[in-house]
Amino acid sequence: MDLKTVQTRHVPVRYFEGGPPEGKNGPDLVYLHGAGGVTAEDPFLAALAEKHHVYAPLVPGYGDSEEAPEIRDMLDFTLHTWDVVEALGLKDPILVGHSMGGMIAAEMAAIAPNDVTRLALIAPAGLWDDDHPVPDLFATLPFEMPALLFHDAEAGAAMMTAGRNVEDPGFLQAYLVTNARQLGMAGRILFPIPERGLQQRLYRIKARTVLIWGDSDRLMPPVYAHAFKKGIPGAQLVSIPEAGHMVIVEKTAAVVEAIGALG
């Protein structure tokens, strides 16, 4: 994936782009990442780019992108991302979002229902059920993350630390700085709880929608999958066994297949 920059009215936005050679491009696809961010080496992006021309914008404050203090609330995030789509010159791309990115994608489809015809939401945030509270991501310690995010916590921990010396003070310092910077931005819509009234707007979504969920998701329990399905007219739910919140890396092929059904 190539790292590029596009200028919106308010801020330059860094994004990854990749896909089939010119003339063999599949449908344009915009991927919105979760609170953990995304990198050029992300295997999920690579899998998507086998069949689609993929654009994956970084939320400001992620990677080497500039922070954007003017992006303060859910409406700002939503309109900012529409600005990115416009700056990229895209018309009706397949819109895909994971976790926090799924929350943003759902808001985009709700606020501009006639501009999105295909929508894939992968374990999106955005709803709240008092009987099934979402764990507090901001109070979770690093060693607790694998069990929260993966069906196989041991394998998840290995993936999260691959090639890194977690006992190196330099690694820990860089991790803490990066994590604080990214979660500081994500916290504007996820803290103290990831709920900004989306439930009342889901009915506005007209896009053909597929919801993709890992059966073992401990961060966004599957009860939320059924809440989204109930709220979005005609939404299809694809439940993937032996997968947690990071279904995109545990069951990449199954997720890509579910998205591919959108055309």
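So for the range 225-242 (the condition being in contact with a His (Cβ under 8 Å, 6 or more places away or on another chain), under 26 Å from residue 151 (Cα atoms) and assigned to a loop (DSSP other than H, G, I, E, B)), does at least one residue qualify?
yes
Out of the residues in the range 112-153 meeting the condition of being among the β-branched types (Val, Ile, Thr) and in contact with a helix residue (DSSP H, G or I) (Cβ under 7 Å, 6 or more places away or on another chain), tell me which one is surrounded by the fewest Cβ atoms within 10 Å (Cβ to Cβ).
140
In the range 6-18, how many are exposed (fewer than 15 other Cβ atoms within 10 Å of the Cβ) and either among the basic types (Lys, Arg) or more than 18 Å from residue 71 (Cα to Cα) (or both)?
Number satisfying all stated conditions: 1.
Hey, could you check the range 192-228 for residues that are among the aromatic types (Phe, Trp, Tyr) and closer than 26 Å to residue 114 by Cβ and say which is nearest to the chain's Cα centre (by Cα)?
Filtering first and then ranking leaves 228.
How about the range 1-55: which of its residues are more than 19 Å from the chain's Cα centre (by Cα), at pLDDT 95 or above and of a type in the set (A, V, I, L, M)?
Correct list: 6 only.
For the range 186-210, give me each residue that is among the aliphatic types (A, V, I, L, M) and closer than 20 Å to residue 148 by Cβ.
Scanning the range 186-210 gives 186, 189, 190, 193.
The values are calculated or read from the model by the stated rules, or taken from the named source; none is laboratory data. Since this is a predicted model, take the numbers as computed values, not measurements. In this analysis, Cβ positions are derived from the backbone assuming ideal geometry, glycine residues included, and neighbour counts consider all displayed protein chains.
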